[in-house]
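Step one of this worksheet: look at the structure below.
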Amino acid sequence: MAYIQMKDVSFVYPGGFLAVDNINIEIEKGENVAIIGQNGAGKTTTVKMMNRLEKPTKGDVMIGDMNTKSYTTAQVSRVVGYVFQNPDDQIFHSTVISEVEFGPRMMKLPSEIISERVSCALKLTGLEQFRDTNPYDLPLSIRKFVTIAAIIAMDTEVVIFDEPTAGQDLRGNHYLSDILRTLNQRGKTVITISHDMEFVAANFDRVIVMANKKVVTSGTPKEIFWSFDALEKAKLKQPYISRLCRELGIEGNIIEMDEAVEAIKEKCLLN
Amino acid sequence: MDTVIELKNVTYTYPLADEPSIKDMSIKIERGKFYGVIGENGAGKTTLCALIRGFAPSFYNGELKGEVLVEGKPTTEFGPGELSLKIGYVFQNPFTQISGVKDTLFEEVAYGLENFGVPVDEIEERVIEVMKMTDIYSLADKKPFELSGGQQQRAALASIIVLKPDILVIDEPTSQLDPEGTESVFKIIEQLKNEKKTIILVEHKVDMIAEYADEILVMKGGRLIRLGDKQEILTDMSLLDEGVQLPQMAILGERLIEAGIPLSRVPITERQAAEAIGQALQKARNS
């Protein structure tokens, strides 16, 4: 049985707006999954139901053998950590260190463990130099890493990132790749929402495609980015490299730079 | 060259800051061109925008050395509101842009025109046109703060375009948008460029910049490190070491040339790549 299971789940906002329409999702323990889809497809509402920030109006969300229905948001959030899309919805301390310490402190951990977790999280997010800085003195893109560090320090089994790539530069994207890899090596289940198709192609085992409040399909990045039916339904495009290979008639469902270089080289030099 | 904006040895320091955010910067912006501003976060891109629009120093205070000229006149000598007629400014964070005093998105987009005393009939006509152009007309009756991040970003853009300024300074308008939304914003900007507007756009999506911009301005650590034609700058691989992302197609082209595949030029867009690599493949087939 899958570690995370959403069974026939719907979400209707008070006032009647349907945001998620009868979805089924299964995610195995230790998986590294991306969710892609247009603005308004229901991605954020879906992941918020995984840690009970939103409560499904229909269906069940299971994390391991815990039916989240029978637990409080505070209880579920010890297992499922959620990094908000807008860091300003999450941050409420006046220094980076106190923000990152808050979660482990609430869990009443021994102080050595707290300080170990906090320094590890700060190192992984590249924030060591900003320990004593007010998060609001940092640019938005770096403030996002403060919220990521705060969730990493909680050491939850599941970590959810909501659009971490928005507004990031080259360096920020490298940090994000490292963070995903490290969490995965620690056996964490990681779920990431992103609009950056290049980032998704390079960093995930599986991609879930959402459109119009429903799940369209899921598969490996190679499968998804060469499934024109799914991409069209979700109004998404292939990564630039894949688009070029398609135009040039280069086979092999290419989604990454290295593969493209090899395939073009082979075609040019073999003849 | 018809210079519309000029920075002369500009150094600018925010109040209480230890060091300047902009360091000895001199540039000339030519009328009617589309400039893409790129560089790592914290490089001073947003501060450059604030200087051009006059928010720095007039609103943020701080210390300005050198001169920022708009049509030959220092920004510090413009009266309050005067620059807002010439320069439209779209903030990075749409929350900063939206006034919060209007109940519907339609009124929000109309707010600037109202303040400028434009006749009601004309306001309505212009607002409807711009809301259609930015694909938010169906949201006209919604409350501005109930919109999604992506919708708010388009609303912020609409509320500036409707004022028809000659110069547009736009700070990361697509950070919250999906690929289709991003493309539609660039199409809108292209349309503004065709109307001979001068456009200064801060944007991390360098593949889109490669497609649409004319000139590139690269910043690092508060300094201008490159300024010029996009073909030349976006194929300069040394910029990767400066933390600047380059187009996928340029990186691919460079790697193919390194692997011994002759290309007529390093491409920066998909079209250029298809052409250059297509030729190389054709040549290989024929030999």
Check the range A:229-243 and report whether any residue there is touching a Lys or Arg at 6+ places or on another chain (Cβ under 6 Å), within 11 Å of another protein chain (Cβ to nearest Cβ) and in contact (Cβ under 8 Å) with a residue 24 or more places away in the chain. no
Filter the range B:105-117 down to residues that are assigned to a loop (DSSP other than H, G, I, E, B) and under 27 Å from the mean Cα position of the chain (by Cα), then give me how many there are. 1
So how many residues does the range B:17-39 have that are part of a loop (DSSP other than H, G, I, E, B) and surrounded by fewer than 20 Cβ atoms within 10 Å (Cβ to Cβ)? 6
Which residue pairs have Cβ atoms under 6 Å apart, sit 6 or more places apart or on different chains, and have a first residue in the range B:41-68 that is of a type outside the set (Asp, Glu) and a second that is open to solvent by 40 Å² or more (accessible area, probe 1.4 Å) and part of a loop (DSSP other than H, G, I, E, B)? B:41/A:139; B:42/A:139; B:61/B:15; B:62/B:14; B:62/B:15
Mind counting the residues in the range B:238-287 that are within 7 Å of another protein chain (Cβ to nearest Cβ) and either more than 28 Å from the chain's Cα centre (by Cα) or on the phi > 0 side of the Ramachandran plot (or both)? 12
In the set B:275, B:254, which member is charged (D, E, K, R) and within 30 Å of residue B:223 (Cα to Cα)? B:254
Condition test on residue B:96, is it part of a helix (DSSP H, G or I), over 28 Å from residue B:130 (Cα atoms), of a type outside the set (Lys, Arg) and open to solvent by 70 Å² or more (accessible area, probe 1.4 Å)? no
Which residues, taken from the range A:146-170, are open to solvent by 10 Å² or more (accessible area, probe 1.4 Å), within 14 Å of chain B (Cβ to nearest Cβ) and either within 29 Å of residue A:111 (Cβ to Cβ) or free of Cβ contacts under 8 Å to residues at least 12 places away in the same chain (or both)? A:170
For residues that are part of a helix (DSSP H, G or I), open to solvent by less than 50 Å² (accessible area, probe 1.4 Å) and either of a type in the set (A, V, I, L, M, F, W, C) or farther than 19 Å from residue A:40 by Cβ (or both), tally how many sit in the range B:134-168. 8
Just a yes or no: is a residue in the range B:222-234 modelled with pLDDT of 95 or more, open to solvent by less than 50 Å² (accessible area, probe 1.4 Å) and closer than 29 Å to residue A:87 by Cα? yes
How about the range A:171-254: which strands (runs of 3 or more DSSP E) wholly inside it have at least 3 residues that are open to solvent by 10 Å² or more (accessible area, probe 1.4 Å) and farther than 21 Å from residue A:152 by Cβ? A:214-219
Could you please find all residues in the range A:156-174 being closer than 19 Å to residue B:176 by Cα, within 14 Å of the chain's Cα centre (by Cα) and of a type in the set (A, V, I, L, M, F, W, C)? A:160, A:161, A:166
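The values are calculated or read from the model by the stated rules, or taken from the named source; none is laboratory data. Only a predicted model underlies this, so the values are computations on that prediction, with no experimental measurement involved. Reconstructed Cβ throughout: ideal geometry from the backbone, glycine too, with neighbour counts over all protein chains shown. Just so you know, the surface numbers come from the protein's heavy atoms only, side chains and all, with ligands and any DNA or RNA stripped out. Shrake-Rupley method; radii C 1.70, N 1.55, O 1.52, S 1.80 Å.
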